[in-house]
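The values are calculated or read from the model by the stated rules, or taken from the named source; none is laboratory data. Predicted, not measured: the structure shown is a model, and the values here were computed from it. Neighbour counts are summed over all protein chains in view; Cβ atoms, including those assigned to glycine, are modelled from backbone coordinates with ideal geometry.
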């Protein structure tokens, strides 16, 4: 049984679902299941969610929440994400407890990676 009031599923906009799927499959090993031409669900092994086709995208500059992913090899992920078509929106910076960077995936929505 799932706990009441816990975040259960996240959905994000994407201007290009195929590019989004290719990017996260290669970068993070996510698995995808399509539900028609305008929606795809993902499973990262721990969390699930989906991407829906949209002209608008999610970005911190517009006040949207930023989902922050964890990876022990932050610099490798930074370089690989750029190689795969991600656009760095904020270079690596320090904060109490670690360092992170932010990027827009090829479908346009913004995410971040951090590590200690």
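Of the residues in region 19-32, at least one is in a loop (DSSP other than H, G, I, E, B), within 11 Å of the chain's Cα centre (by Cα) and at pLDDT 95 or above.
Based on what the data block shows, is residue 4 surrounded by fewer than 13 Cβ atoms within 10 Å (Cβ to Cβ) and assigned to a helix (DSSP H, G or I)?
For residue 4, the condition - surrounded by fewer than 13 Cβ atoms within 10 Å (Cβ to Cβ) and assigned to a helix (DSSP H, G or I) - is not met.
Condition first: surrounded by 15 or more Cβ atoms within 10 Å (Cβ to Cβ), part of a helix (DSSP H, G or I) and either at pLDDT 95 or above or over 12 Å from the mean Cα position of the chain (by Cα) (or both). Can you find one or more residues in region 40-59 that meet it? No: region 40-59 contains no residue that is surrounded by 15 or more Cβ atoms within 10 Å (Cβ to Cβ), part of a helix (DSSP H, G or I) and either at pLDDT 95 or above or over 12 Å from the mean Cα position of the chain (by Cα) (or both). Is there a residue in region 44-52 that is in contact with a strand residue (DSSP E or B) (Cβ under 6 Å, 6 or more places away or on another chain), farther than 17 Å from residue 106 by Cα and in contact (Cβ under 8 Å) with a residue 24 or more places away in the chain? Checked against the condition, which is being in contact with a strand residue (DSSP E or B) (Cβ under 6 Å, 6 or more places away or on another chain), farther than 17 Å from residue 106 by Cα and in contact (Cβ under 8 Å) with a residue 24 or more places away in the chain, region 44-52 yields at least one hit. Checked against the criterion of being in contact (Cβ under 8 Å) with a residue 40 or more places away in the chain, in a loop (DSSP other than H, G, I, E, B), out of contact with any helix residue (DSSP H, G or I) (no Cβ under 6 Å at 6 or more places or on another chain) and exposed (fewer than 15 other Cβ atoms within 10 Å of the Cβ), region 66-85 contains one or more residues that satisfy it.
Residues considered: 114, 30. Of these, the only one that is farther than 18 Å from residue 14 by Cβ and surrounded by 17 or more Cβ atoms within 10 Å (Cβ to Cβ) is 114.
Taking each residue of region 16-43 that is farther than 19 Å from residue 112 by Cβ and looking for partners that are modelled with pLDDT of 95 or more and part of a helix (DSSP H, G or I) with beta-carbon atoms closer than 7 Å, six or more apart or interchain, yields 32/21; 32/25; 40/17; 40/21.
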